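The next block holds one structure in the form of structure tokens; read it before the comments.
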Amino acid sequence: MEGCQLKQLPEELTALEGLASLGIMHNEAPLDEATWQLLPRLKALTALKIKGCSLSALPPQLSALTQLAYLSVGGNDGLGNKADISNSSHKAWAPLQHLTALTGLKLDGCDLRRLPRALASLCQLRKLSLYGNSQMGRGPDSWEPLAALTALKNLGLSQCGIHRLPGQLSVKGKDYSVATWGLAPWGFPKEDNQWLTCLRRG
């Protein structure tokens, strides 16, 4: 459902008992809070995209979708200032910590400066995309949750405006594939270029 200017999701969605994938994209008008009450009833849902929908916090009802394998909340730049270490930030991202079946997560273009702490709960996460968060890494301990993502294999850092790879990636015995095209106009220091080559072998 793209560009439909919805205020609510249609109730009829709940009749689709086998619905496995749902996309709500570029719905610039904020969705009514009652909209998200439908989510826990979509029990077969394994992939959800909520892109460009003016979110300033993840819907609390996401917590019930424990079967989700893929989640994309890209293009919601209101989420960016909710990824700090305050209590309000923790509440905004709290649903993530219940989605422990996630293997893919896209946080593209969310104006992030740091990774949300709830990310550290995603023990099965294999792919994480942070494309276009140009201020990423500017805050203290910005990358800390990466250290807990022991299953991570693919990390997208394109256009994140960084000039060094996060130190949390340097785990012995781990192979990663890191997409870093266009990170910073001045490129990587020599030692990071060598590290990047090694990481890409995964």
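Here are some notes:
- The residue of segment 1-38 that is surrounded by the most Cβ atoms within 10 Å (Cβ to Cβ), among those that are at pLDDT 75 or above and in a loop (DSSP other than H, G, I, E, B), is LEU19.
- Residue under evaluation GLU191, criteria (1) at pLDDT below 70; (2) outside any loop (DSSP other than H, G, I, E, B); (3) buried (at least 19 other Cβ atoms within 10 Å of the Cβ), criterion not met: (3)
- Whichever residue in segment 100-116 is touching a Gly at 6+ places or on another chain (Cβ under 7 Å), part of a loop (DSSP other than H, G, I, E, B) and on the phi < 0 side of the Ramachandran plot and, among such residues, is surrounded by the most Cβ atoms within 10 Å (Cβ to Cβ): LEU107
- Among residues of segment 28-40 that are over 13 Å from SER54 (Cα atoms) and of a type in the set (Phe, Trp, Tyr), those with a beta-carbon under 8 Å from a residue that is at pLDDT 65 or above and not in a loop (DSSP other than H, G, I, E, B) at least six positions away or on a different chain give the pairs TRP36/PRO60; TRP36/GLN61; TRP36/LEU62.
- Any hit, segment 60-77, residues being open to solvent by 30 Å² or more (accessible area, probe 1.4 Å) and at pLDDT below 80: no
The values are calculated or read from the model by the stated rules, or taken from the named source; none is laboratory data. The shown structure was predicted, so the numbers you read here are calculated from the model rather than taken from an experiment. Neighbour counts run over all protein chains shown; Cβ positions are idealised from the backbone, glycine included. Note: areas computed on protein heavy atoms with side chains; ligands, DNA, RNA excluded. Shrake-Rupley method; radii C 1.70, N 1.55, O 1.52, S 1.80 Å.
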